[in-house]
Amino acid sequence: MEEKNSLKEIAKLFLKLGVIGFGGPAVHIAMMRDEVVVKKKWLTEQHFLDLIGAINLIPGPNSTEMAIHIGHEKAGWKGLIIAGFCFIFPAVIITGFLAWLYKEYGQIPEIKPFLYGIKPAIIAIILSAIFPLARKSFKTIQLSIIGIIALFLSLLNYNEIILMFGAGMMSSFIYYLNQKRNNSINAFIPITLFQFSNNNLISHTNLNLFLIFLKIGAILYGSGYVLFAFLDAELVATGLLSRTQLIDAIAVGQFTPGPIFSSVTFIGYQINGFSGALISTIAIFLPSFIFVALLNPLVKKMRNSNAFSAFLDAINVASIAIIISICLEMGKETIIDWRTILIATISIIVTFNYRKINSAFIVLGGSIIGYILNFVG
């Protein structure tokens with residue numbers, strides 16, 4: 001009975017986050033922290049930080065992988081599956097509907113006025129979540145220096161995975177230098193990054209889509225924009241998709257809630273209808289479930305080892321630095337006039353002073369204010 005209640009709680013939480021989760025991985029993770037660390041207390045702040053480090057070590061959509069980790073922590077492998085599925089499901093349904101509209105009528109609904117105010121509000125949500133995480137992770141002068149270096153290099157567009165492993169290796173090297181004796185230290189075994197190579201539902205086109213998206217899901221690091229670079233090479237260059245369709249898929253991914261990887265649902269539908277959408281969606285997310293299932297048991301073991309703990313602390317710091325860098329870049333692109341400055345300021349005041357307010361209301365409020373201000377000269 002207890003397990004059944006836990007699974008219901010997981011399903012309810014991640015369906016909600018899947019519906020209200022506008023703004024990309026950084027804001028999704030901020031919302032998850034608010035729910036599972038602050039409100040529900042399913043995880044400690046430190047363990048949540050460790051999971052942020054862990055999701056940055058493996059390919060795939062970070063926020064989806066965080067949802068899967070949380071589900072596993074709460075209710076084992078059943079929780080893992082339900083959390084991931086429920087977080088992805090709303091975005092897939094919305095994207096699938098838009099894909100159908102697009103194919104039938106050649107366009108997607110105009111919702112730019114509502115997006116205008118969402119993005120500044122999202123930045124406030126990220127900042128309010130990052131502030132306590134930063135205080136927790138920047139706990140020594142050494143880690144603070146590593147974090148500042150990672151932030152600087154991230155702003156210079158250095159690869160995220162290089163920054164993560166570089167920070168971890170630097171911290172581990174300093175740890176070993178500080179050890180006078182190392183009799184009880186276990187051998188350092190780096191985490192392996194696995195790569196998968198290789199009726200209508202199983203048609204040649206769908207098999208091709210499955211292999212393409214399985215490969216992308218298994219090897220892709222970085223933001224949604226990196227995803228679209230892969231899609232351009234795999235689909236546009238081979239003639240399966242037009243560049244106009246790809247650009248429209250990018251737009252759909254930006255203004256729908258949930259993981260941006262749900263854009264492949266839109267793409268799959270354009271290429272081969274409902275079955276193409278289903279196959280593409282399963283293929284792109286499947287590696288994330290496998291990677292998390294393999295990695296999750298290792299996270300606590302890493303924290304219990306002094307050597308691994310130093311490595312993990314530095315990865316956490318680099319993760320926070322990268323999120324701050326993303327936030328700064330979003331700010332440059334989003335906060336561009338007095339209206340967006342006003343929305344961002346109001347949102348920051350509310351999120352920092354009234355922490356119990358659900359982030360969904362911040363997003364909704366930003367959207368409404370943005371829509372109203374669009375009519376103000």
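The values are calculated or read from the model by the stated rules, or taken from the named source; none is laboratory data. Predicted model only: the values in this text are computed from it and were never measured. Note: ideal-geometry Cβ built from the backbone for every residue, glycine included; neighbour counts use all protein chains shown. The protein model used for the area step is the full one, side chains on, heavy atoms only, and it has no ligands, DNA or RNA in it. Shrake-Rupley method; radii C 1.70, N 1.55, O 1.52, S 1.80 Å.
The table for this structure:
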read-out	value
Shape category assigned to the chain from the gyration tensor of Cα positions, a/c cut at 1.5	oblate
M31, M169, reordered so the largest accessible area comes first (probe 1.4 Å)	M169, M31
In Å², nearest 10: area of K215 left accessible to a 1.4 Å probe	80
Most to least packed among 161-168, 61-68 [average Cβ atoms within 10 Å]	61-68, 161-168
Unit charges on C-beta of K, R, D, E only; dipole of the stretch 226-328, Debye	360
Carbon and sulfur %, accessible surface of the stretch 234-316 computed with the full protein complex present, 1.4 Å	63
Computed magnitude of the charge dipole of the stretch 1-62 (debye, nearest 20; Cβ of K, R +1, Cβ of D, E -1)	220
Tensor-based shape of the stretch 1-71 (alpha-carbon gyration tensor, a/c under 1.5 rounded, otherwise prolate or oblate)	prolate
Ranking by accessible area, most exposed first, for W338, W42, W77 with a 1.4 Å probe	W77, W338, W42
The chain - charge dipole about Cα centre, Lys and Arg +1 at Cβ, Asp and Glu -1, debye rounded to 20	1040
The stretch 36-95, accessible surface, carbon-and-sulfur percent (1.4 angstrom probe)	68
Whole-angstrom gap from the stretch 234-249 to the stretch 51-90, using each part's C-alpha centre	29
Accessible area per residue, Å², the chain with all protein chains present, probe 1.4 Å	47
